[in-house]
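> Please read through the structure below; I'll follow up with questions.
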């Protein structure tokens, strides 16, 4: 059984809506160079003569130590002062990894406690399949976890949490938070133009797009906007042309696909919209695409896959040529993965995080190329295996998941 180290020490964090909302004291301290961060500090110079690993050159030893699972840092930093200096701070650890060009995938999962509703981010190391925590996100105590929209710029190691809803007032938020893995801290970004919850979001060419959702007066929105993460400013884009909240969204072929979801069996045909950032316009989603979108989406091999919440939890893939969905060969989602679940992907693998944070890893395989009328059609299969979560996570439910590289 895996053991998870969770710190019991928490720094105070300003609540959303406070007049002094900026960064928590913990985050402000992280921006100041200390002896754990500054490589030219007196402490590092004082212990420079000590080898990191006796018998190995420091560059080789450093390359080894920077591959240690974060979960093991607590025990490893007790080895000596230099190990403590390197492993005693996640900020320093990930910064040194960046300096050496190390880049591995990490799955960030927004979770909430089933009984208390308390939210927290947990991180799964996709190399060693061990978990660790990050600083608490500065937000109100009573929020609806599903009201947030989370997106990431994986190559930059940044995560954005937008909007949300105060659960005791049904009040949407316009707050935007950014987490940077190399700095291991949250910052408060410029607010969205429109407060919203349960909306569509996606990243296209490094720009963060949001659209639709529920407004402050509980009506559905048609407004959309875009964030330039470098400049930190929001700008309006073309309205959707229809008021709708979003069940799911995906970025495919440089366009943002938005679906409002469905009732099963269908009483009305679900709506869907597609945004083209080059032309700044919206168009109706193809009928087959929106009606077959019956689950959570990911894009693998440039194709849109759905982990269906019906059809025996099978995996489906969209065929744009015929505007239809094909069932992916292989077994359905493993029975250990219970709804609600969150889905993301990296390379050719799909990660489905279920209740209690058990994770199903689906390897997508290209089976063959079938001859069509005029074009070749890709065929896929999936192989699943499950990474069981520690018992400490038995009361946690996932709300969102994002892959970052560091």
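Nothing in this text is a laboratory measurement; each read-out follows from the coordinates by a stated rule. Predicted model, so just to flag it, every value in this text is computed and none were measured. All Cβ positions, even for glycine, are placed from backbone atoms using ideal geometry, and neighbour counts span all protein chains on display.
> At q = 0.10, 0.13 Å⁻¹, what is the base-10 log of I(q)/I(0) for region 294-398 according to the Debye formula with one equal point scatterer per Cα and no solvent? Please give it to two decimals.
Summing over Cα pairs of region 294-398 leads to -0.29, -0.47.
> Please give, to one decimal in nm, the separation of the simple spin-label points placed at residue 324 and residue 301, each 7 Å out from Cα toward the Cβ.
So the label points at residue 324 and residue 301 sit 1.9 nm apart.
> Multiply the residue separation of residue 56 and residue 383 by 0.36 nm, subtract the distance between their alpha-carbon atoms, and state the gained length in nm to one decimal.
113.6 nm
> Taking the Cβ-Cβ separation of residue 114 and residue 276 as r and a Förster radius of 45 Å, what is the calculated FRET efficiency to the nearest 0.05?
Working: r = 40 Å, r/R0 = 0.89.
For residue 114 and residue 276, the calculated efficiency is 0.65.
> Right, next: Take the alpha-carbon centre of region 321-339, take the same for region 225-290, and report the distance between them in whole Å.
23 Å
> On full extension of the chain, what length is gained from residue 219 through residue 72, given 0.36 nm per residue of separation minus the C-alpha to C-alpha distance? Show your work: numbers first, answer last.
Working: separation 147, 0.36 × 147 = 52.92 nm, distance 4.84 nm.
Extra length from residue 219 to residue 72 when fully extended: 48.1 nm.
> Relative to the present Cα-Cα distance, how much length would full extension add between residue 129 and residue 231 at 0.36 nm per residue of separation?
33.2 nm
> Show log10 I(q)/I(0) for region 257-346 at q = 0.10, 0.20, 0.21 Å⁻¹, two decimals, from a solvent-free Debye sum over equal Cα scatterers.
-0.27, -1.05, -1.14
> Would you mind computing, in nm to one decimal, how far apart the modelled labels at residue 136 and residue 64 are, each placed 7 Å from Cα along Cα→Cβ?
Placing both labels 7 Å along Cα→Cβ, they lie 3.9 nm apart.
> So, one more: What are the extents of the Cα atoms of region 62-131 along their three principal axes, in Å, largest first?
42, 25, 19
> Let me ask you something else. When only Cα pairs under 8 Å and 6 or more residues apart are kept, what is the percent relative contact order across region 294-398?
Working: 232 pairs, mean separation 22.5, N = 105.
Answer for region 294-398 is 21 percent.
> Follow-up question, since we're still on this one. Over all distinct alpha-carbon pairs, what is the Kirkwood Rh of region 135-278 in angstrom?
15.5 Å
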